[in-house]
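Okay, structure first, notes after.
A short reminder: the numbers here are calculations on the coordinates, not readings from a lab. Predicted model only: the values in this text are computed from it and were never measured. With ideal geometry, Cβ positions are generated from the backbone for all residues, glycine too; neighbour counts draw on all protein chains shown.
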Amino acid sequence: VEQWRRAVDGRAEDLLSYYQKAHDLITSHAAQQAFDIRAESSSLRQRYGHSTIGQCALLARRLVESGCRFVGVDHAGWDTHFTCFPTLQDDLIPQADRAFSALVSDLEERGLLDSTLVIMMGEMGRTPRVNKNAGRDHWGKAQSILIAGGGTHPGQVIGATDEHANEPVSDPVSIQDLHHTIYRLMGIDPGKTYYTPLGRPVPIGSGGKMIPGLV
């Protein structure tokens, strides 16, 4: 990209300026302080758990506290098609539960939860039936999502599936509804459409509505 700098037009120059801004941001003193997780007490780090997701959740709180507008925490390993039960019981679920609960309570204790929307979700649900390899496969009909803070009402369950967790039987929520709700809570108009330089419309959302009862 740098080699092309002198040959590009104004738009590409603008893109290069964004790269420079990103570089300046992550190398700034404020960013270095936010990423220095060693500044936290050992007791608080233990509270989040000494796992990848635990320490990343703690780092997420530090970034939010420093003014970061959007933070993503990735926790791999949930593609449990084979012998899922030992992995879920011993590693994945305890680590995720500890990290999520610590993050929510820590944000609340610091007065940040009301202004921070916390969402824990995956790409899809898992099959209600265990397969022949003692695992669970991809399932698009139903999944559970945890939402906290950001002006949402706590302590409630919205919607329900049938007795086999196969598909929704009441108050179904679509992915479009989820996107619409997230955008609204972030102060973004989900009905807005941007246009490319060639005039192609690029809508922010694709329909959907606020999740009833969540806010």
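Quick look at the numbers
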{"read-out": "Residues of type lysines that residue 209 reaches as a straight line, Cα spacing below 24 Å, ignoring anything fewer than 8 places off in the same chain", "value": "141, 192"}
{"read-out": "Karplus-derived 3J(HN,Hα), 6.51/-1.76/1.60, for each residue of the stretch 130-143, Hz, glycine and proline x", "value": "6, 7, 5, 9, 6, x, 10, 9, 6, 8, x, 7, 7, 7"}
{"read-out": "Long-range HN-HN contacts of residue 160 with modeled amide H, under 5 Å", "value": "169, 170"}
{"read-out": "Shape call, the stretch 1-139: gyration tensor on alpha carbons, a/c limit 1.5", "value": "oblate"}
{"read-out": "Among 89, 20, 156: highest mean-square fluctuation, GNM of the chain, C-alpha pairs under 10 Å", "value": "20"}
{"read-out": "Under 5 Å, built H, 5+ apart or other chain: amide partners of residue 117", "value": "150"}
{"read-out": "Label-point gap, in nm, between residue 137 and residue 93 - each point 7 angstrom along Cα→Cβ", "value": "2.3 nm"}
{"read-out": "Rounded if a/c under 1.5, otherwise prolate or oblate - the stretch 143-215, Cα gyration tensor axes", "value": "oblate"}
{"read-out": "Computed over the chain: relative contact order in percent, which uses C-alpha pairs under 8 Å that are six or more apart", "value": "13 percent"}
